[in-house]
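K.L.:
The structure under discussion is supplied below as structure tokens; questions concerning it will follow.
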Amino acid sequence: MKGVALTGWCFLREQLRAPLTLVLLVVLPILFVVTASSALGDFSRALGGDARGEAATALAAGWASAFLAGAFGFFQTMSSHEADQRLALAGLGPAATAIARLSSALAMVATVTAAAFVALRLQQSVPHVAHTFLAIFAYACIYLAIGTAVGSIVRDPLAGSLMVVFIFLLDVFSGPGMSSGTSGLATVLSPSQKAGELLLAAGGRTSSSPGDWIGAGLSVAIAVTIALSVFWFAARRR
Amino acid sequence: MEDESANLSVAGRRSADARTDSVLVVTDVTRSFRHGLWPLGSSVRVLQGASLEIGPGELIGLVGENGSGKSTLMKIIVGMLAADAGTVEMRGTLGYCPQLPQLWEKLTVSEHLELFTNAYGLDRQRGRASTARLLEELDFLRYVDYRVESLSGGTRQKLNLALSMLHEPDLLLLDEPYAGFDWETYLSFWAMSEQRRAAGMAILVVSHLIGERERLTRTYTLRGGRCVPG
């Protein structure tokens, strides 16, 4: 456990030493929420969805954190794969390396979530603070896991980033608030479906049912478990 | 590398006639790589039954032309690549120095050494002693607080080598370890290797050069996917 903590702390320090990345992780969610949220309601209407006004703005915060977390997860995992695998084979083990890598990234993703939340707060009042923050964080965790899983097995930066973008777009256009129905394979497979429902409820100033919370928690748990498993698979001894 | 006190079988089979005192026994390893999209692509067989054996206190050279499969064989021994067939059996601890430095750009030299001290399971005292010795032997103590991104190619390679030797393994695999070294460091490298060999460490050095033959106990030449003695 001590070894995982030490490794995770080193990985976090590594990420904190990339100032441009840090600035982008803070600035981009704010810019997106401030500039794009007003257009999202119109976009939702055109697609047959029901996200309007404050709900659309809340959704924009979730998407911004999700996209940045996915891109961050992919690029940091892909670029450090060989060194991470070397460390795993040296004796730390693939599971411990995976936990260290993902936990350090989670700390970064919390920063993205905070930036998106602040941007949302600048746009509108947020009556359910914890509810809203956790919903945005759920989005970010799910996409961090997706980016990490893709980065563990895809070595080509272009191919990997296209995969993350494809999953994101499919999820966005079939997710809650942006589509007219709840049927269809894409809707069923939408990874952020439950997190989106939480966020729409928070944006619409209503509370979420325990079932929605459990569903969102399960979505995050499943995504993180898949990411850890794929990382372990890619870093294990053959 | 992880303690391999229980012998490791890459392909799930074991060689029954392996020498009991050998640190590494590689038997009939084959490996192919596929090029192009299936079913239109073709398959290239790089290793076609490669076998070699190393005992304690041996400094073995593995030479061969570019693309002959030396690094592929190394990766299979280490466990980074799976063999299509054949077995790899090891005893004791393993150290591996990859051909290209596998490091984190934004971590310092000391942070790398700390991470691997932890991964090898060395206690603080032994880790510090080993780190100090390697920094002195490879003469890069002054770079200990530098990030990898600001190091020259030669100094990166020194760190790459130091990480593989930090735990004084029973078997040390070096894939062209002196690429980028200046002459002084090159000589230091061979002095270090000879010192470790004399202490009982088994060392396998991969190179495409054969100029170091006089420094080696034995050599294998990788030709046609097989390891030929001499």
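Any read-out appearing in this document is the output of simple, stated calculations on the displayed coordinates, not a laboratory observation. What you are looking at is a predicted structure, and each value in this text was computed from that prediction instead of being measured. Every residue, glycine as well, gets a Cβ built from its backbone with ideal geometry; the counts of neighbours run over all protein chains shown.
K.L.:
State to the nearest 20 debye the size of the charge dipole of chain A about its Cα centre, where the only charges are +1 on K and R beta carbons and -1 on D and E beta carbons. Walk me through the intermediate numbers first.
P.N.:
On the way: 14 positive and 10 negative charges, 131 e Å.
I would put it at about 620 debye.
K.L.:
Please work out the FRET efficiency for the pair residue B:179 and residue B:21, using the Cβ-Cβ distance as r and a Förster radius of 35 Å; give the result to the nearest 0.05.
P.N.:
Numbers: r = 32 Å, r/R0 = 0.92.
Efficiency at R0 = 35 Å is approximately 0.65.
K.L.:
For chain B, find the longest principal axis of its Cα atoms and tell me its angle to the long axis of helix B:153-165, 0 to 90°, nearest 10.
P.N.:
In chain B, helix B:153-165 runs at an angle near 80 degrees to the longest axis.
K.L.:
Report, as an integer, the average count of C-beta atoms from other chains found within 10 Å of each Cβ along A:7-20.
P.N.:
Per-residue shielding by partner chains comes out at 3.
K.L.:
Rounded, prolate or oblate, given the Cα gyration tensor of the stretch B:120-230, with a/c below 1.5 counting as rounded?
P.N.:
Prolate.
K.L.:
Using a Förster distance of 25 Å, how high is the FRET efficiency between residue B:34 and residue B:100, based on the Cβ-Cβ distance and rounded to 0.05?
P.N.:
For residue B:34 and residue B:100, the calculated efficiency is 0.65.
K.L.:
A further question follows. I'd like the distance separating the alpha-carbon centroids of the stretch B:190-204 and the stretch B:31-107, in whole Å.
P.N.:
Using only Cα atoms to place each centre, the spacing works out to 21 Å.
K.L.:
Take every residue in peptide B:33-41, count the Cβ atoms of other chains within 10 Å of its Cβ, and give the average of those counts.
P.N.:
0
K.L.:
Something else: State which helices in chain A qualify, where a helix is a whole DSSP H run, it must extend 20 Å or more along its own axis by its Cα atoms, and its mean Kyte-Doolittle hydropathy must be at least 1.6.
P.N.:
Membrane-span-like by this rule: A:19-47, A:129-153, A:157-174.
K.L.:
Calculate, in nm to one decimal, what residue B:150 and residue B:217 gain on full extension: separation in residues at 0.36 nm each, minus their alpha carbon distance.
P.N.:
Stretched out fully, the residue B:150 to residue B:217 stretch lengthens by 20.4 nm.
K.L.:
So if R0 is 30 Å, what FRET efficiency would residue A:47 and residue A:221 give, r being the distance between their Cβ atoms, rounded to the nearest 0.05?
P.N.:
It comes to 0.55.
K.L.:
Answer rounded, prolate or oblate for the stretch B:68-129, using the Cα gyration tensor with square roots of eigenvalues a ≥ b ≥ c: rounded when a/c is under 1.5, else prolate when a/b is larger than b/c, else oblate.
P.N.:
oblate
K.L.:
Shifting gears a bit: For each of B:35, A:128, count neighbouring Cβ atoms within 10 Å of the residue's Cβ, then give the residues from fewest to most.
P.N.:
Listed from fewest to most nearby Cβ atoms, that is B:35, A:128.
K.L.:
Please give, to one decimal in nm, the separation of the simple spin-label points placed at residue B:45 and residue B:85, each 7 Å out from Cα toward the Cβ.
P.N.:
Modelled inter-label distance: 0.8 nm.
K.L.:
Report, in deg cm²/dmol and to the nearest 500, the calculated mean residue ellipticity at 222 nm for the protein assembly as shown, where each DSSP H run with n ≥ 4 adds -39500 (n - 2.57) and the sum is divided by the residue count.
P.N.:
Calculated mean residue ellipticity at 222 nm is -18500 deg cm²/dmol.
K.L.:
Now for a separate question. Under 27 Å Cα-Cα from residue A:2, which lysines qualify once same-chain neighbours fewer than 8 residues away are excluded?
P.N.:
Here the lysines satisfying the reach criterion relative to residue A:2 are B:106.
K.L.:
Note down the magnitude of the dipole of the stretch A:99-238 about its Cα centre, charges +1 on Lys and Arg C-beta and -1 on Asp and Glu C-beta and zero elsewhere, to the nearest 20 debye. Don't jump to the answer; show the numbers that get you there.
P.N.:
Details: 8 positive and 4 negative charges, 94 e Å.
For the stretch A:99-238, the charge dipole is close to 460 debye.
K.L.:
Pick out, from A:85, A:232, A:26, the residue whose Cα sits farthest towards the positive end of the charge dipole of chain A, with +1 on the Cβ of Lys and Arg and -1 on the Cβ of Asp and Glu.
P.N.:
It is A:85, whose Cα lies furthest towards the positive end.
K.L.:
Using +1 at the C-beta of Lys and Arg and -1 at the C-beta of Asp and Glu, which of B:225, B:206, B:81 has the Cα lying farthest in the positive direction of the dipole of chain B?
P.N.:
About the Cα centre, the residue reaching furthest to the positive side is B:225.
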